[in-house]
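Reviewing the structure listed below.
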Amino acid sequence: MQRFGLWTMLVLAIFASFFTAKHAMAAAAEGLLEPGTNAPAFSLSSQEEKQVSLKDYKGKWVVLYFYPKDMTSGCTLEAHNFQRDQAKYDALNAAVLGVSLDTADSHKVFCTKENLTFKLLADPEHKVIDEYGVPVKSFGANKFASRVTYLISPAGKVVKVWPDVKPASHSEEVIAAIESMKKA
């Protein structure tokens, strides 16, 4: 029984290393920022039509998540899960900031309709999206940011990148990452 437990832990550790390396390679291949990089400064308009800057969150963990489009099914699910977990983020001294190509007016409608209280930032000219290396995809005349999340430490460094976000479970993954980094 003891050997089975050790064997299982070894296999899980190898799998976790492979999975983390796979995500790091995918992030680097896409031109995303790598862990250890200083998070680029930015200032964008929120749904409240106020400028929000990364420097406003100095000393806090920042979950900077990029998503395709307000009021679409996957983006709504992801936003609802971040909203559901706001008390957990607050307890971890973390702020959630969403960024898309949508306008501040679109964010305002989305936040009102879905009862979202965290900041959604408008980047219709994809300046910050480009600076963070987030791929932009086109469908006809419409452009959408890819679904990517950065975890930024209280010191302003990128500490984790999720290049392939699954909206249904993502908030839990982010919380687990912050908790594990706070323990380290």
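Laboratory data are not the source of any read-out in this text; all were calculated from the coordinates shown. Quick caveat: nothing in here was measured; it's all calculated off a predicted structure.
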**OP:** Return the lysines within reach of K119: Cα separation strictly under 19 angstrom, same-chain partners fewer than 8 residues apart disregarded; answer none if there are no such residues.
**Re:** K50, K55, K58, K60, K69, K88, K108, K127
Subject >> Mean projected area (nm²) of the alpha-carbon convex hull when region 130-184 is viewed from all directions >> reply: 4.7 nm²
